[in-house]
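What follows draws every value from the coordinates through simple rules; no lab data is involved. Just so you know, these numbers come straight off a predicted model, no measurement behind them. Quick reminder, even Gly has a Cβ in these numbers, built from the backbone with ideal geometry, and neighbours come from all protein chains shown.
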Amino acid sequence: MSNVIDLTALATQLDEATLRHEAATQLTGQVALDLATAYRVQAEGIRLREQRGERRVGLKLGFTSRAKMQQMGVDHLIWGELTDAMQIEEGGSLDLSGLIHPRVEPELCFITRKEINGPLSLAEAGLVLEGIAPALEIIDSRYRDFRFTLEDVVADNCSSAKFVIGALRSPQQAIDNLGVVMNFNGRPVQVGSSAAILGHPLRALVQIASLLHQQERVLPAGSVILAGAATAAEALRPGLHVSVDISGFGRTTFHTGGAR
Ligand code: OOG
Ligand code: MG
């Protein structure tokens with residue numbers, strides 16, 4: 001293994017896998033990658049997207065629930081960047097032929113009303129929000145067989161591919177223990193509770209604020225934050241109507257198209 005790390009070369013491998021929708025080899029099999037360097041590869045990958053005209057719109061957390069950690073064999077909270085090109089319209093269509101081996105997971109989404117420029121307590125977290133919405137995240141690891149180490153998945157922008165956001169609800173609405181059901185063509189495929197996300201989804205915001213603070217970063221008002229999946233993810237195939245129902249809160253949907 002090489003000790004000299006070329007951030008751009010590593011980010012380009014993952015970027016090309018995305019553009020060609022062909023799986024790539026795990027980076028940790030090629031170089032000795034630590035977590036801090038993995039985040040630098042992630043940042044370089046976002047820079048490549050920005051060069052193509054994509055705009056950063058917010059952040060996502062990963063592995064905030066046991067269900068996800070167990071499914072992927074990773075037990076550390078991670079974060080990635082979201083761009084405008086990743087958003088699909090609510091009720092819209094997702095062409096799977098542009099992806100590698102996509103999966104979908106139910107999430108909650110926060111939209112900020114104020115800039116986040118310092119640590120937040122759980123009590124303060126709700127006060128920076130414009131609203132909260134049901135969401136679905138489509139993840140698509142760029143790695144072969146959807147397998148990775150913690151460092152690999154961080155370098156790969158936490159498998160981020162697409163996301164759908166439903167109608168915004170009041171930030172005052174209680175979200176700590178809501179039933180979450182994800183359906184394929186009207187049949188439940190994953191069932192859980194919003195409490196699975198760090199015991200309380202607003203803790204995702206507390207975590208984001210603390211991570212931003214450590215990196216001396218500020219998140220502008222109007223940003224999107226995905227709190228992390230409440231259940232394990234499910235593989236997508238063409239011809240699916242996918243929905244998430246969050247009880248007493250709301251729902252959002254999209255459908256899949258394209259041959260695979
Ligand atoms: C990594 C992304 C994890 C979540 O919500 O936990 C994530 C993966 O599972 O490929 O988005
Ligand atoms: Mg997710």
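Could you list which residues have their amide H under 5 Å from that of Gly131, counting only those 5 or more apart in sequence or on another chain, with H placed in the peptide plane?
Amide H to amide H, under 5 Å and 5 or more residues apart or across chains, Gly131 pairs with Ile111.
Give me the net charge of Leu35's neighbourhood, meaning all other residues with Cβ under 12 Å from the Cβ of Leu35; Lys, Arg count +1, Asp, Glu -1. Working shown, then result.
On the way: positive: Arg40; negative: Asp34, Glu151, Asp152.
Taking every other residue near Leu35 into account, the sum is -2.
Rank these for me by crowding, His200, His255, going from fewest to most other beta carbons within 10 Å.
Working: His200 18, His255 15.
The fewest-first ordering by Cβ neighbours comes to His255, His200.
So, how do all the Cα-to-Cα distances of the chain break down into 5 Å bins, in percent, from 0 on up?
Reading upward from the zero bin: 1, 6, 14, 19, 20, 18, 12, 7, 2, 1, 0.
How far apart, in nm, are the 7 Å Cα→Cβ label points at Leu127 and His255?
4.5 nm
What share of the DSSP beta bridges in segment 56-257 is antiparallel, in percent to the nearest 5?
Values: 45 of 52 bridges.
Close to 85 percent.
Which of the listed residues, Leu59, Ala227, Ala36, is farthest toward the dipole's positive end in the chain, when Lys, Arg count +1 and Asp, Glu count -1 at the beta-carbon?
Ala227
By counting other Cβ atoms within 10 Å of each Cβ, how are Asp176, Asp140 ranked from fewest to most? Before the final figure, lay out each step's value.
Working: Asp176 14, Asp140 23.
Fewest-to-most Cβ neighbours within 10 Å comes out as Asp176, Asp140.
Tell me, Met69, Met86, Met182 in order of fewest to most beta-carbon neighbours within 10 Å? Could you put the intermediate results ahead of the total?
Details: Met69 16, Met86 21, Met182 25.
Lowest to highest Cβ neighbour count: Met69, Met86, Met182.
Among Phe148, Thr256, Gln26, which residue has its Cα furthest toward the positive end of the charge dipole of the chain, with +1 on Lys/Arg Cβ and -1 on Asp/Glu Cβ?
Thr256
Can you give the Kirkwood hydrodynamic radius of segment 18-123 from its Cα pairs, in Å with one decimal? Please report the intermediate quantities before stating the final value.
Details: mean 1/r = 0.0598 Å⁻¹.
Result for segment 18-123, one decimal place: 16.7 Å.
Could you tell me how many cubic angstrom of Cα convex hull volume segment 128-217 has per residue?
Details: hull volume 13.1 nm³, N = 90.
Spelled out: Cα convex hull of segment 128-217, divided by residues, is 145 Å³.
Using Cα pairs closer than 8 Å and at least 6 residues apart in sequence, work out the relative contact order for segment 139-260, in percent.
Details: 159 pairs, mean separation 32.2, N = 122.
After rounding, I find 26 percent.
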